[in-house]
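Read the structure below first, then the notes.
The values are calculated or read from the model by the stated rules, or taken from the named source; none is laboratory data. None of the values given here were measured: they were computed from a predicted structure. So basically every Cβ, Gly included, is an ideal-geometry build from the backbone, and we count neighbours across all protein chains shown.
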Amino acid sequence: MNVSPMITVLAAIVLAASDPIFAAQAEFGTAAEAKAMLDNAVAAIKADKAKALDTFNKGEGTFRDRDLYPFCYNAGDGKFVAVGTNVKQLLGTDVRDLKDASGKAYGVDLYAAAQKREGEISEISYMFPRPGADKTPVSKVTFVTEVGDIACGVGYYK
């Protein structure tokens with residue numbers, strides 16, 4: 001067995017793990033992780049809607065991971081019923097009223113995604129600040145799907 005290629009691979013792993021850019025990416029959720037959380041949220045809603053929405057609102061269990069969290073709103077009137085962050089003032093407000101820092105009315109796109117066939121996933125892009133002190137808007141993509149009479153989404157930052 002030639003050990004040299006194995007050492008090269010291990011060295012590359014160590015260098016990647018020590019790279020500040022690589023380390024910074026690990027503190028934020030990825031597209032695949034956001035999609036997986038949305039899939040889990042849908043399964044939780046199908047199993048017990050009331051319990052799932054309560055869990056999302058509390059940010060408990062696997063429904064809060066770094067900057068990833070689910071949110072849900074009524075497919076009919078667009079009112080938020082679950083917000084997995086500390087922005088609880090959104091509960092009961094209309095998703096269609098949301099605008100990003102550039103003025104894009106991305107809430108209208110979120111609402112439109114709820115009008116599609118159940119299980120179909122839409123991707124909505126907009127600018128939004130990451131959680132934390134820096135309020136500079138960055139590119140964010142949210143996966144949204146309808147689940148019965150509500151729609152849910154999970155977004156990640158690019």
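Structure data summary
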| read-out | value |
| --- | --- |
| Entirely in segment 1-76, the helices (runs of 4 or more DSSP H) that have 2 or more residues that are modelled with pLDDT of 90 or more, in contact with a strand residue (DSSP E or B) (Cβ under 9 Å, 6 or more places away or on another chain) and surrounded by fewer than 18 Cβ atoms within 10 Å (Cβ to Cβ) | 31-47, 49-58 |
| Checking Ser102 against (1) assigned to a strand (DSSP E or B); (2) hydroxyl-bearing (Ser, Thr, Tyr); (3) at pLDDT below 95, the condition it does not meet | (1) |
| Residues that are in contact (Cβ under 8 Å) with a residue 24 or more places away in the chain and assigned to a loop (DSSP other than H, G, I, E, B), drawn from segment 115-141 | Gln115, Lys116, Arg117, Glu118, Gly119, Glu120, Ile121, Arg130, Pro131 |
| Among residues of segment 77-92, those that are surrounded by fewer than 20 Cβ atoms within 10 Å (Cβ to Cβ) and either assigned to a loop (DSSP other than H, G, I, E, B) or modelled with pLDDT under 95 (or both), counted | 10 |
| Cross-chain or 6+ apart pairs with Cβ under 8 Å, segment 79-104 first and in contact (Cβ under 8 Å) with a residue 60 or more places away in the chain, then part of a loop (DSSP other than H, G, I, E, B) | Val81/Leu91; Ala82/Leu91 |
| Failed criterion for Lys99 (all others in (1) within 18 Å of Val154 (Cβ to Cβ); (2) among the basic types (Lys, Arg); (3) surrounded by fewer than 15 Cβ atoms within 10 Å (Cβ to Cβ) hold) | (1) |
